[in-house]
Amino acid sequence: MAGHSNFETNNPLIKWVETRLPIFGLMQSQAMDFPTPKNLNYWWTFGGILTFCLAVQIVVGIVLAMHYTPHVDMAFGSVEHIMRNVNYGWMLRYIHATGGSMFFIAVYIHMFRGMYYGSYKEPRELLWILGVVILLVMMATAFLGYVLPWGQMSFWGAKVITSLFSAVPLVGEDLVVWLWGGFSVDNPTLNRFYSLHYLLPFVLVGVVFLHIWALHVTGNNNPTGISVKSEQDTISFHPYYTMKDAFAMALFVLVFAFFVFYKPNYLGHPINYQEADPLVTPEHIVPEWYFLPFYAILRSIPHKLLGVIAMFASIFVLVILPWLDTSRVRSARYRPIFKQFFWLLVIDCVILGFVGANPPEGTWLLVGQIGTAYYFLHFLVIIPLLGLIETPKPRPTSISQAVLDANKGKGGGADAVPSAQAAE
Amino acid sequence: MAVSDTAEPTRRDFLFIATGAVGAVGAAAVAWPLVSQMNPDASVRALASIEVDVSALAEGQSITIKWRGNPVFIRYRTAAEIEEARSVSIDDLPDRLARNANVSESADASDINRTATGREEIIVMMGVCTHLGCVPLGEQGEFGGWYCPCHGSHYDTAGRIRKGPAPENLPVPAFEFVGDNIIKIG
Amino acid sequence: MTAASEGRKFTMTTLKQLTAAAGFVLAALCISPVLAAGDTHEAKDVDFSFEGPFGNFDRGELQRGFQVFIEVCGQCHSMNYLNYRNLAEEGGPEFPEDQVKAIAAEFMVMDGPDAEGEMFERPAKPSDFFVAPFPNVEAARASNGGAYPPDLSLLAKARAGYHGTWNQFINGAGGAEFIYSVLTGYEEEAPDDGEDHGALAYNPYFPGSWIAMPQPLFEDMVEYADGTTASVEQMSRDVSAFLMWAAEPKLEARKRIGFQVIIYLIVLSGLLYFVKRKIWANVDH
């Protein structure tokens with residue numbers, strides 16, 4: 001691991017613990033002194049924000065579990081009980097529901113940041129793959145959690161998504177019955193979903209730990225994509241990045257609070273305030289917004305099995321992204337053409353989101369198909385080709401050099417302390 | 001790092017202290033809903049009082065009803081039981097306080113202070129042993145009142161602790177007669 | 001200028017145009033309603049007191065709305081998630097406690113079993129749930145020509161009067177407006193679409209325009225205790241507000257606490273900004 005411990009103390013108790021379990025030294029070297037590139041911008045604050053999101057969801061979720069009843073006859077009523085009777089129950093539930101959306105906003109920004117600056121490239125491939133695993137577990141957790149209030153969209157969302165598994169050849173039907181514990185989504189399904197929804201966040205904690213461990217082995221990427229070359233390129237994580245992250249987090253919580261207190265139901269669906277009715281399907285079954293692009297990919301292919309495969313492939317393609325990218329240069333800052341394609345991909349994903357919210361007919365179906373095709377085209381064709389044909393812009397020799405150049409470019413920097421020589 | 005050379009707080013220190021203080025206030029404010037949610041909710045609080053009809057209760061009979069999740073003993077005491085309870089000297093009682101929510105906190109544990117004025121034959125009290133919360137058995141024990149089988153506490157006919165590990169008399173909840181035979185508890 | 005660099009310039013320009021075009025499509029999508037509303041009208045805009053970041057309920061309006069609910073809607077619709085005690089709680093109609101007791105006592109609830117093992121009926125208490133007009137869904141259907149009058153506790157949150165991503169962000173989902181629009185939106189003259197709609201009533205504000213509920217409100221149907229004229233618009237408005245409260249009884253506390261939280265976070269963000277700047281002041285970055 002980068003950075004070794006130089007932890008010292010005179011406190012005999014801490015010393016006693018430290019010689020048996022060097023946890024204080026670990027905290028000092030990994031959370032305080034950890035050398036971090038000094039040029040990270042605010043897009044890098046989302047890692048901390050995501051850890052915060054996970055903690056909030058777990059704490060509030062455990063609290064909600066004290067009042068929720070996972071039974072088809074009582075689940076919907078117990079959520080209303082939380083909203084109406086439990087002290088601050090309305091706030092806790094709105095935080096948990098909005099928190100899911102906030103978590104996904106942050107994770108998508110975090111992922112696109114990684115793509116823009118080439119954070120998935122060697123030597124951070126495993127770090128990136130662990131991130132994709134986190135995304136998958138998050139999606140499963142969010143899906144399971146959405147079923148628990150047992151509203152109309154909860155029920156029909158569960159039915160539609162679990163039915164995806166019936167597309168599996170040979171064993172599909174049996175697989176779905178196994179998932180349901182019956183012949184439809186019913187009480188056994190709700191019970192197991194509740195159990196798993198409680199379990200998975202702790203799995204997430206484990207994978208997040210691995211993700212951070214992997215990060216602390218390779219160290220952070222940075223906006224230039226140039227590897228750290230000397231100590232001049234880095235500063236300690238604390239207080240520089242703890243305070244920068246804290247500021248960014250406060251702004252993030254501000255947005256979070258705005259939704260919790262002023263738009264608590266905007267990110268959900270009105271029909272989920274109607275109790276689940278296994279006999280009546282709502283007019284439009286739409287997943288939560290963060291699943292819409294994937295839902296659009298699923299529906300753009302008018303074949304059951306292929307649609308499911310395309311949806312899962314859209315995530316799997318991220319796993320192999322480190323090897324699809326042939327460019328020697330990490331950061332889009334020095335890749336003018338890639339930068340354009342990057343933004344096209346962002347827009348494509350948002351368009352797919354809108355497609356996912358609309359019925360798969362007429363223009364919407366066509367737009368969805370074009371969007372899906374482009375999504376895969378981006379990863380499977382454009383990214384590999386770009387690395388071969390694109391001429392990157394000249395890059396600075398080091399992070400310190402880049403900082404120096406940028407400050408010179410600003411014209412200011414009179415009081416900026418010149419940072420040593422450009423390390424080669 | 002926030003290390004100052006001088007003993008005087010600098011402006012920089014002030015900023016850090018102020019931010020830390022505001023952050024701490026926020027953390028405390030966030031903790032409150034998380035703590036408060038475990039308190040009884042509005043639906044539990046709303047059921048805090050119940051009414052019991054005791055017209056069918058005959059001399060020497062007891063009923064046990066549930067109030068706030070706990071048993072409440074209501075007993076129509078016999079003349080002999082009342083006589084016995086009144087003959088005990090306060091000085092002989094391990095707990096000399098009435099433990100009756102309807103009288104003053106410092107009232108002594110005389111039999112009269114354990115019941116409602118004018119209806120001394122009816123005793124209403126929590127059926128929860130003051131030792132560790134078991135439910136005592138009626139008309140048992142060395143004093144003819146209640147006996148807790150868990151750890152051997154003996155209560156007399158006025159529900160006062162006489163022998164055993166329980167520290168206090170069985171508490172009398174807030175109650176009143178809202179009709180001749182209707183008791184409102186809570 | 002070499003051919004290669006010219007070629008690259010061309011790609012760049014094309015790409016930029018492509019990105020711009022895609023962005024334009026995106027913007028268009030944002031503005032257009034997400035869900036095709038069909039031939040159903042968007043809800044009428046009603047200026048409710050509980051709108052906006054500081055809007056609270058109007059007690060008089062909620063009390064009148066409750067009267068309309070009890071005397072008209074409650075004959076067929078249940079209100080399963082409300083207790084009578086809620087009527088006295090802060091942030092609601094705030095009826096006095098004894099009045100709530102009297103309201104509750106007008107309804108009989110099944111209780112028991114008693115000492116003999118028999119179920120018995122007793123007057124409702126404030127801690128009881130609102131008594132439903134029908135014992136079960138089947139009975140409700142049977143008495144209403146096969147159509148189930150939905151429970152009203154959450155209707156104002158379970159229906160959308162406004163559609164579109166941006167529209168809902170600015171104006172909300174318009175659940176109360178939807179209820180108001182349906183209640184005031186019945187039309188005698190239905191367009192002839194060549195289909196037989198049986199006993200359904202024509203109402204262009206209801207999805208599909210045909211509704212099983214006949215027009216429920218007529219002028220002076222209730223006599224308001226506070227002397228307000230009971231026009232159809234007035235009653236609809238009052239009961240829509242009441243249903244919004246029934247669906248979101250903590251709305252006032254939510255906005256009050258929300259305001260405090262937002263102010264606090266702005267202060268904290270400001271302080272953290274200066275802390276961050278101070279710490280980074282000597283770092284070349």
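Tell me, please, whether a residue that is touching a Phe, Trp or Tyr at 6+ places or on another chain (Cβ under 8 Å) and acidic (Asp, Glu) can be found in the stretch A:174-191. Yes, the stretch A:174-191 contains at least one residue that is touching a Phe, Trp or Tyr at 6+ places or on another chain (Cβ under 8 Å) and acidic (Asp, Glu). Selection of the stretch C:85-134 for residues being in contact with a strand residue (DSSP E or B) (Cβ under 8 Å, 6 or more places away or on another chain) and part of a helix (DSSP H, G or I) yields C:104, C:105. Go through the residues of the stretch B:17-36 one by one and say whether even a single one is modelled with pLDDT under 90 and either within 30 Å of residue C:278 (Cα to Cα) or not hydroxyl-bearing (Ser, Thr, Tyr) (or both). The answer is no, given that none of the residues of the stretch B:17-36 is modelled with pLDDT under 90 and either within 30 Å of residue C:278 (Cα to Cα) or not hydroxyl-bearing (Ser, Thr, Tyr) (or both). Looking only at residues in the stretch B:31-79 that are of a type in the set (A, V, I, L, M) and more than 14 Å from every other protein chain (Cβ to nearest Cβ), the one that is most open to solvent (accessible area, probe 1.4 Å) is B:79. Would you confirm, using the coordinates I've provided, whether residue C:24 is modelled with pLDDT of 95 or more and either farther than 30 Å from residue A:368 by Cα or open to solvent by 70 Å² or more (accessible area, probe 1.4 Å) (or both)? So residue C:24 fails the test. The condition of being more than 22 Å from residue A:127 (Cα to Cα) and touching a Gly at 6+ places or on another chain (Cβ under 8 Å) holds for only one of A:377, A:344, A:352, A:385, that being A:352.
Filtered by the rule that a residue be of a type in the set (Val, Ile, Thr) and either open to solvent by less than 30 Å² (accessible area, probe 1.4 Å) or within 11 Å of chain C (Cβ to nearest Cβ) (or both), the stretch A:388-404 gives A:389, A:391, A:399, A:403.
Condition first: under 25 Å from the mean Cα position of the chain (by Cα), open to solvent by less than 20 Å² (accessible area, probe 1.4 Å) and of a type outside the set (Asp, Glu). Can you find one or more residues in the stretch A:167-185 that meet it? Checked the stretch A:167-185: no residue is under 25 Å from the mean Cα position of the chain (by Cα), open to solvent by less than 20 Å² (accessible area, probe 1.4 Å) and of a type outside the set (Asp, Glu). Checking the stretch C:147-159 against the condition returns a match, with at least one residue being closer than 25 Å to residue C:104 by Cβ, away from chain A (no Cβ under 11 Å) and either among the aliphatic types (A, V, I, L, M) or without any contact (Cβ under 8 Å) to a residue 24 or more places away in the chain (or both). Anything in the stretch C:116-163 that is of a type in the set (A, V, I, L, M, F, W, C) and farther than 23 Å from residue C:41 by Cα? List them, or say none. Answer for the stretch C:116-163, where residues must be of a type in the set (A, V, I, L, M, F, W, C) and farther than 23 Å from residue C:41 by Cα: C:119, C:120, C:124, C:129, C:130, C:131, C:132, C:134, C:137, C:139, C:140, C:142. Could you go through the stretch A:267-275 and let me know if any residue there is assigned to a loop (DSSP other than H, G, I, E, B), over 24 Å from the mean Cα position of the chain (by Cα) and within 13 Å of chain C (Cβ to nearest Cβ). The answer is yes, given that some residue of the stretch A:267-275 is assigned to a loop (DSSP other than H, G, I, E, B), over 24 Å from the mean Cα position of the chain (by Cα) and within 13 Å of chain C (Cβ to nearest Cβ). Counting only residues that are within 22 Å of residue B:80 (Cα to Cα) and of a type in the set (Asp, Glu), the stretch B:131-182 holds 3 of them. Every listed requirement among (1) free of Cβ contacts under 8 Å to residues at least 12 places away in the same chain; (2) loosely packed, with under 15 Cβ neighbours inside 10 Å; (3) part of a loop (DSSP other than H, G, I, E, B) is met by residue C:260 save one, (3). Restricting A:69, A:51 to residues that are in the same structural domain as residue A:129 (by TED's automatic domain parsing), in a helix (DSSP H, G or I) and open to solvent by 40 Å² or more (accessible area, probe 1.4 Å) narrows the list to A:51. The condition of being of a type in the set (A, V, I, L, M, F, W, C), open to solvent by 80 Å² or more (accessible area, probe 1.4 Å), in contact with a helix residue (DSSP H, G or I) (Cβ under 9 Å, 6 or more places away or on another chain) and not in a loop (DSSP other than H, G, I, E, B) holds for only one of A:380, A:385, that being A:380. Filtered by the rule that a residue be at positive phi and either part of a strand (DSSP E or B) or at pLDDT 95 or above (or both), the stretch B:136-149 gives a lone residue, B:144. How many residues does the stretch C:227-266 hold that are over 30 Å from residue A:271 (Cα atoms) and either within 14 Å of chain A (Cβ to nearest Cβ) or not hydroxyl-bearing (Ser, Thr, Tyr) (or both)? Qualifying residue count, the stretch C:227-266: 7. Of all residues in the stretch C:211-226, none satisfies being open to solvent by less than 30 Å² (accessible area, probe 1.4 Å), modelled with pLDDT of 95 or more and within 14 Å of another protein chain (Cβ to nearest Cβ).
Pull up the stretch B:83-106, narrow it to residues that are under 23 Å from residue B:184 (Cα atoms) and buried (at least 16 other Cβ atoms within 10 Å of the Cβ), then point me to the one that is farthest from the chain's Cα centre (by Cα). Going through the qualifying residues, I end up with B:103. Selection over the stretch A:176-212 of residues that are assigned to a helix (DSSP H, G or I) and under 23 Å from residue A:281 (Cα atoms) gives a count of 13.
The helices (runs of 4 or more DSSP H) falling completely within the stretch C:136-197 that include 1 or more residues that are aliphatic (A, V, I, L, M) and farther than 20 Å from residue A:153 by Cβ map to C:137-143, C:165-171, C:175-184.
Just one of the listed residues (B:133, B:118) is outside any strand (DSSP E or B) and over 18 Å from the mean Cα position of the chain (by Cα), and it is B:118. The residues listed here are A:105, A:62; of these, the one that is at pLDDT 95 or above, closer than 30 Å to residue A:333 by Cα and out of contact with any Gly (no Cβ under 8 Å at 6 or more places or on another chain) is A:105. Mind checking which pairs have a first residue in the stretch B:80-94 that is assigned by TED's automatic domain parsing to the domain that holds residue B:108 and aliphatic (A, V, I, L, M) and a second that is assigned to a loop (DSSP other than H, G, I, E, B) and at pLDDT 90 or above, Cβ under 6 Å, 6 or more apart or different chains? Close Cβ pairs satisfying both conditions: B:85/B:157; B:85/B:158; B:90/B:96; B:93/B:109; B:93/B:160.
Filtering the stretch C:50-87 down to residues that are without any contact (Cβ under 8 Å) to a residue 40 or more places away in the chain and within 14 Å of chain A (Cβ to nearest Cβ), which residue is surrounded by the fewest Cβ atoms within 10 Å (Cβ to Cβ)? Top of the filtered list is C:52. Among the residues making up the stretch B:161-186, those that are closer than 27 Å to residue B:140 by Cβ and charged (D, E, K, R) are B:162, B:163, B:168. Selection of the stretch A:303-356 for residues being over 30 Å from residue C:166 (Cα atoms) and among the basic types (Lys, Arg) yields A:304, A:328, A:330, A:333, A:335. The residue that is nearest to residue A:244 (Cα to Cα), counting only those in the stretch C:267-277 that are open to solvent by 70 Å² or more (accessible area, probe 1.4 Å) and more than 7 Å from chain A (Cβ to nearest Cβ), is C:277.
The values are calculated or read from the model by the stated rules, or taken from the named source; none is laboratory data. Computed from a predicted model, the values in this text were never measured in an experiment. With ideal geometry, Cβ positions are generated from the backbone for all residues, glycine too; neighbour counts draw on all protein chains shown. Heads up: the accessible areas ignore ligands, DNA and RNA and are worked out on the full protein's heavy atoms, side chains in. Shrake-Rupley method; radii C 1.70, N 1.55, O 1.52, S 1.80 Å.
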